[in-house]
Amino acid sequence: MGLLGIVFLLPFLWMLSTSFKLEKDVFNFPIQWLPQQWNLIENYKQVWSGDFARYYGNSIYITLTTTIINVLICALAAYGFSKLRFPGRDAMFVVVLALYMVPPQASLVPQFLLFNWLNLIDTHIGLILINSFSIIGAFMLKQFFMGVNNEYLESARMDGAGHFRSFLQIAFPLIRPAVATYAILRFIWTWNDYQYPLIFLKSKELFTIQLGIRLFGDQYGDVYSLMMAGAVSAILPLLIIFALGQKQVIEGIALGGVKG
(Lines give C-alpha, C1' and ligand atoms only; values in the text may rest on other atoms or scores of the structure.)
Protein backbone atom coordinates (compact mmCIF):
# COMPACT_ATOMS: atom_id res chain seq x y z
CA MET A 1 0.00 0.00 0.00
CA GLY A 2 2.84 2.35 0.86
CA LEU A 3 4.48 1.63 -2.50
CA LEU A 4 1.21 2.34 -4.31
CA GLY A 5 0.93 5.60 -2.40
CA ILE A 6 4.39 6.64 -3.60
CA VAL A 7 3.43 5.74 -7.20
CA PHE A 8 0.36 7.95 -6.96
CA LEU A 9 2.49 10.78 -5.56
CA LEU A 10 5.10 10.67 -8.35
CA PRO A 11 3.17 12.86 -10.85
CA PHE A 12 2.63 15.47 -8.15
CA LEU A 13 6.31 15.39 -7.16
CA TRP A 14 7.34 15.73 -10.83
CA MET A 15 5.00 18.70 -11.21
CA LEU A 16 6.41 20.33 -8.07
CA SER A 17 10.01 19.66 -9.10
CA THR A 18 9.42 20.95 -12.65
CA SER A 19 8.00 24.21 -11.33
CA PHE A 20 11.42 24.84 -9.68
CA LYS A 21 13.53 24.19 -12.78
CA LEU A 22 14.88 26.01 -15.78
CA GLU A 23 12.95 25.06 -18.92
CA LYS A 24 16.03 23.45 -20.47
CA ASP A 25 16.29 21.01 -17.52
CA VAL A 26 12.66 19.85 -17.51
CA PHE A 27 13.13 16.71 -19.62
CA ASN A 28 16.61 15.71 -18.48
CA PHE A 29 16.97 11.94 -18.03
CA PRO A 30 17.31 10.42 -15.51
CA ILE A 31 14.83 12.72 -13.81
CA GLN A 32 16.42 15.29 -11.50
CA TRP A 33 13.94 15.46 -8.62
CA LEU A 34 16.02 18.25 -7.05
CA PRO A 35 17.05 20.84 -9.67
CA GLN A 36 20.75 21.51 -10.14
CA GLN A 37 19.86 25.11 -11.02
CA TRP A 38 16.90 26.50 -9.11
CA ASN A 39 14.56 28.90 -10.91
CA LEU A 40 11.73 28.86 -8.37
CA ILE A 41 11.31 32.59 -7.79
CA GLU A 42 11.56 33.53 -11.47
CA ASN A 43 9.07 30.87 -12.57
CA TYR A 44 6.41 31.83 -10.02
CA LYS A 45 7.08 35.53 -10.50
CA GLN A 46 6.58 35.17 -14.25
CA VAL A 47 3.39 33.13 -13.77
CA TRP A 48 1.81 35.71 -11.46
CA SER A 49 3.02 38.79 -13.36
CA GLY A 50 0.45 38.51 -16.18
CA ASP A 51 -3.28 37.84 -16.16
CA PHE A 52 -2.94 34.74 -13.96
CA ALA A 53 -4.40 36.54 -10.92
CA ARG A 54 -7.45 37.51 -13.01
CA TYR A 55 -7.94 33.86 -14.07
CA TYR A 56 -7.54 32.82 -10.44
CA GLY A 57 -10.23 35.27 -9.35
CA ASN A 58 -12.54 34.11 -12.15
CA SER A 59 -12.15 30.49 -11.06
CA ILE A 60 -12.82 31.32 -7.40
CA TYR A 61 -15.96 33.31 -8.31
CA ILE A 62 -17.32 30.66 -10.69
CA THR A 63 -16.49 27.72 -8.43
CA LEU A 64 -17.92 29.19 -5.21
CA THR A 65 -21.10 30.43 -6.89
CA THR A 66 -21.62 27.16 -8.76
CA THR A 67 -21.03 25.08 -5.65
CA ILE A 68 -23.52 27.03 -3.52
CA ILE A 69 -26.26 26.99 -6.19
CA ASN A 70 -25.64 23.37 -7.15
CA VAL A 71 -25.75 22.07 -3.57
CA LEU A 72 -28.96 24.00 -2.82
CA ILE A 73 -30.71 22.78 -6.00
CA CYS A 74 -29.56 19.18 -5.51
CA ALA A 75 -30.64 19.20 -1.85
CA LEU A 76 -34.09 20.57 -2.73
CA ALA A 77 -34.51 17.99 -5.50
CA ALA A 78 -33.33 15.18 -3.22
CA TYR A 79 -35.71 16.27 -0.45
CA GLY A 80 -38.61 16.37 -2.91
CA PHE A 81 -37.89 12.90 -4.30
CA SER A 82 -37.45 11.38 -0.84
CA LYS A 83 -39.90 13.15 1.47
CA LEU A 84 -42.71 14.60 -0.64
CA ARG A 85 -45.51 12.45 -2.01
CA PHE A 86 -46.90 13.35 -5.44
CA PRO A 87 -48.17 11.35 -8.42
CA GLY A 88 -45.44 9.95 -10.64
CA ARG A 89 -42.64 10.72 -8.18
CA ASP A 90 -40.83 7.40 -8.51
CA ALA A 91 -41.28 7.25 -12.29
CA MET A 92 -39.91 10.78 -12.60
CA PHE A 93 -36.87 9.86 -10.51
CA VAL A 94 -36.20 6.85 -12.75
CA VAL A 95 -36.30 9.17 -15.78
CA VAL A 96 -33.85 11.54 -14.06
CA LEU A 97 -31.49 8.63 -13.31
CA ALA A 98 -31.80 7.40 -16.90
CA LEU A 99 -30.57 10.79 -18.11
CA TYR A 100 -27.37 10.18 -16.12
CA MET A 101 -26.58 7.35 -18.54
CA VAL A 102 -26.30 9.85 -21.41
CA PRO A 103 -22.64 10.88 -21.91
CA PRO A 104 -22.17 14.61 -21.21
CA GLN A 105 -20.42 15.02 -24.57
CA ALA A 106 -23.63 13.94 -26.34
CA SER A 107 -25.48 16.99 -25.02
CA LEU A 108 -22.77 19.57 -25.72
CA VAL A 109 -24.17 20.69 -29.09
CA PRO A 110 -27.78 21.16 -27.84
CA GLN A 111 -26.46 22.96 -24.76
CA PHE A 112 -24.31 25.25 -26.88
CA LEU A 113 -27.20 26.09 -29.23
CA LEU A 114 -29.54 26.75 -26.29
CA PHE A 115 -27.07 28.99 -24.47
CA ASN A 116 -26.23 30.78 -27.71
CA TRP A 117 -29.95 31.46 -28.22
CA LEU A 118 -30.12 32.83 -24.64
CA ASN A 119 -27.02 35.01 -25.26
CA LEU A 120 -25.17 33.21 -22.44
CA ILE A 121 -22.14 32.13 -24.47
CA ASP A 122 -18.93 33.84 -23.33
CA THR A 123 -20.41 34.80 -19.96
CA HIS A 124 -19.71 33.60 -16.45
CA ILE A 125 -23.44 33.32 -15.79
CA GLY A 126 -23.76 30.73 -18.56
CA LEU A 127 -20.86 28.72 -17.18
CA ILE A 128 -22.35 28.84 -13.67
CA LEU A 129 -25.81 27.79 -14.89
CA ILE A 130 -24.59 24.81 -16.87
CA ASN A 131 -22.83 23.38 -13.80
CA SER A 132 -25.61 24.21 -11.34
CA PHE A 133 -27.59 21.01 -11.89
CA SER A 134 -26.30 17.55 -11.09
CA ILE A 135 -28.10 14.21 -11.23
CA ILE A 136 -25.43 12.46 -9.20
CA GLY A 137 -25.72 15.16 -6.51
CA ALA A 138 -29.50 14.74 -6.26
CA PHE A 139 -29.15 10.96 -6.18
CA MET A 140 -26.43 11.03 -3.51
CA LEU A 141 -28.29 13.42 -1.18
CA LYS A 142 -31.59 11.57 -1.69
CA GLN A 143 -30.08 8.47 -0.10
CA PHE A 144 -29.23 10.47 3.02
CA PHE A 145 -32.60 12.25 3.17
CA MET A 146 -34.26 8.82 3.12
CA GLY A 147 -32.48 8.09 6.40
CA VAL A 148 -34.10 11.08 8.13
CA ASN A 149 -36.94 9.87 10.34
CA ASN A 150 -40.31 11.00 9.01
CA GLU A 151 -41.56 11.54 12.57
CA TYR A 152 -39.33 14.62 12.85
CA LEU A 153 -40.95 16.16 9.77
CA GLU A 154 -44.48 15.17 10.82
CA SER A 155 -43.92 16.78 14.22
CA ALA A 156 -42.75 19.95 12.52
CA ARG A 157 -45.81 20.01 10.28
CA MET A 158 -48.08 19.56 13.32
CA ASP A 159 -46.42 22.68 14.73
CA GLY A 160 -47.28 24.59 11.57
CA ALA A 161 -44.01 24.34 9.63
CA GLY A 162 -44.29 24.15 5.86
CA HIS A 163 -42.21 21.91 3.60
CA PHE A 164 -39.52 24.53 2.98
CA ARG A 165 -39.10 25.27 6.68
CA SER A 166 -38.99 21.55 7.49
CA PHE A 167 -36.32 21.12 4.83
CA LEU A 168 -34.25 24.10 5.94
CA GLN A 169 -34.42 23.76 9.72
CA ILE A 170 -34.77 20.00 10.26
CA ALA A 171 -33.84 17.73 7.34
CA PHE A 172 -30.95 19.74 5.88
CA PRO A 173 -28.98 20.07 9.18
CA LEU A 174 -29.40 16.34 9.86
CA ILE A 175 -27.48 15.39 6.69
CA ARG A 176 -24.82 18.08 7.09
CA PRO A 177 -21.83 15.66 6.75
CA ALA A 178 -23.21 14.38 3.45
CA VAL A 179 -23.86 17.92 2.21
CA ALA A 180 -20.32 18.95 3.16
CA THR A 181 -18.88 15.92 1.37
CA TYR A 182 -20.82 16.62 -1.80
CA ALA A 183 -20.02 20.36 -1.63
CA ILE A 184 -16.28 19.61 -1.48
CA LEU A 185 -16.56 17.16 -4.39
CA ARG A 186 -18.56 19.71 -6.40
CA PHE A 187 -15.96 22.40 -5.63
CA ILE A 188 -13.17 20.13 -6.89
CA TRP A 189 -15.07 19.09 -10.03
CA THR A 190 -15.95 22.66 -10.93
CA TRP A 191 -12.48 24.03 -10.16
CA ASN A 192 -10.84 21.37 -12.35
CA ASP A 193 -13.37 21.64 -15.17
CA TYR A 194 -11.64 22.26 -18.49
CA GLN A 195 -14.25 21.20 -21.04
CA TYR A 196 -17.06 23.68 -20.40
CA PRO A 197 -14.83 26.80 -20.07
CA LEU A 198 -13.04 25.76 -23.27
CA ILE A 199 -16.32 25.57 -25.19
CA PHE A 200 -18.38 28.34 -23.58
CA LEU A 201 -15.73 31.04 -23.00
CA LYS A 202 -14.05 33.00 -25.81
CA SER A 203 -12.75 36.21 -24.22
CA LYS A 204 -9.39 35.89 -22.47
CA GLU A 205 -10.43 38.20 -19.65
CA LEU A 206 -13.18 35.69 -18.72
CA PHE A 207 -10.91 32.62 -18.74
CA THR A 208 -10.67 30.32 -15.74
CA ILE A 209 -7.35 29.17 -14.33
CA GLN A 210 -7.51 25.88 -16.29
CA LEU A 211 -7.58 27.78 -19.58
CA GLY A 212 -5.05 30.32 -18.30
CA ILE A 213 -2.43 27.61 -17.65
CA ARG A 214 -2.74 26.50 -21.28
CA LEU A 215 -1.60 29.97 -22.37
CA PHE A 216 1.92 29.39 -21.03
CA GLY A 217 3.31 28.58 -24.43
CA ASP A 218 4.43 30.24 -27.59
CA GLN A 219 4.71 29.45 -31.27
CA TYR A 220 7.61 27.11 -30.49
CA GLY A 221 5.71 24.95 -28.01
CA ASP A 222 4.61 24.76 -24.38
CA VAL A 223 6.71 26.13 -21.51
CA TYR A 224 6.36 23.28 -19.03
CA SER A 225 8.19 24.93 -16.14
CA LEU A 226 5.65 27.79 -16.16
CA MET A 227 2.71 25.45 -16.75
CA MET A 228 3.73 23.37 -13.72
CA ALA A 229 4.21 26.50 -11.59
CA GLY A 230 0.68 27.52 -12.61
CA ALA A 231 -0.62 24.02 -11.82
CA VAL A 232 0.98 24.06 -8.36
CA SER A 233 -0.63 27.45 -7.73
CA ALA A 234 -3.96 26.10 -8.99
CA ILE A 235 -4.17 23.21 -6.52
CA LEU A 236 -3.68 25.38 -3.42
CA PRO A 237 -7.44 26.13 -2.97
CA LEU A 238 -8.20 22.41 -3.31
CA LEU A 239 -5.71 21.56 -0.56
CA ILE A 240 -7.14 24.28 1.69
CA ILE A 241 -10.75 23.18 1.07
CA PHE A 242 -9.91 19.55 1.75
CA ALA A 243 -7.96 20.42 4.90
CA LEU A 244 -10.86 22.48 6.25
CA GLY A 245 -13.53 19.91 5.34
CA GLN A 246 -11.58 16.73 5.98
CA LYS A 247 -13.51 15.90 9.15
CA GLN A 248 -16.87 16.39 7.44
CA VAL A 249 -15.77 14.27 4.46
CA ILE A 250 -14.74 11.38 6.72
CA GLU A 251 -18.02 11.63 8.64
CA GLY A 252 -19.98 11.68 5.37
CA ILE A 253 -18.16 8.63 3.99
CA ALA A 254 -18.54 6.78 7.30
CA LEU A 255 -22.26 7.62 7.40
CA GLY A 256 -22.64 6.40 3.82
CA GLY A 257 -20.82 3.19 4.74
CA VAL A 258 -23.12 2.58 7.71
CA LYS A 259 -26.16 3.18 5.51
CA GLY A 260 -24.76 0.71 2.97
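Things worth noting here:
- Computed over the Cα atoms of the range 127-174, pair by distinct pair, the Kirkwood hydrodynamic radius stands at 12.1 angstrom.
- Translational D in µm²/s for the range 5-119 (Stokes-Einstein at 10 °C, 1.306 mPa s, Kirkwood Rh from C-alpha pairs): 80
- Accessible surface of Met101, taken over heavy atoms with a 1.4 Å probe and every protein chain present, rounds to 150 Å².
- Full-extension gain in nm, Glu154 to Lys24, via 0.36 nm per residue minus C-alpha separation: 39.9 nm
- For Ser134, the amide hydrogen comes within under 5 Å of no other amide hydrogen, counting only partners 5 or more places away or on other chains and with H modelled in the peptide plane.
- Those residues of the range 103-120 whose amide nitrogen sits under 13 Å from the label point placed on Gln195, 7 Å along Cα→Cβ: 103-112
- With R₀ set to 22 Å, the beta-carbon distance separating Phe12 from Ala53 gives a calculated FRET efficiency near 0.40.
- Separation between Cα centres of the range 20-70 and the range 226-251, rounded to whole Å: 14
- Total lysine pairs in the chain at Cα distances under 27 Å, for residues eight or more apart or on different chains: 9.
- Nearest-0.05 FRET efficiency for Val96 and Leu34, computed from C-beta distance (R0 45 Å): 0.30
- One quarter of the surface of the convex hull around the alpha-carbon atoms of the range 110-195 equals 7.4 nm², the direction-averaged projected area.
- Efficiency of FRET between Gln143 and Leu4 - r from beta-carbon atoms, R0 35 angstrom, step 0.05: 0.75
- For the range 64-70, putting each phi into the Karplus relation 6.51 cos²θ - 1.76 cosθ + 1.60 with θ = phi - 60° gives couplings of 5, 5, 4, 4, 4, 5, 4 Hz, in residue order, rounded to whole numbers and with x for Gly and Pro.
The values are calculated or read from the model by the stated rules, or taken from the named source; none is laboratory data. Bear in mind that the values here come from a model prediction, so they are computed numbers and not experimental data. Glycine also receives a Cβ, built like all others from the backbone with ideal geometry; neighbour counts cover every protein chain displayed. Quick note on the areas: whole protein, heavy atoms, side chains included, nothing else; ligands and nucleic acids left out. Shrake-Rupley method; radii C 1.70, N 1.55, O 1.52, S 1.80 Å.
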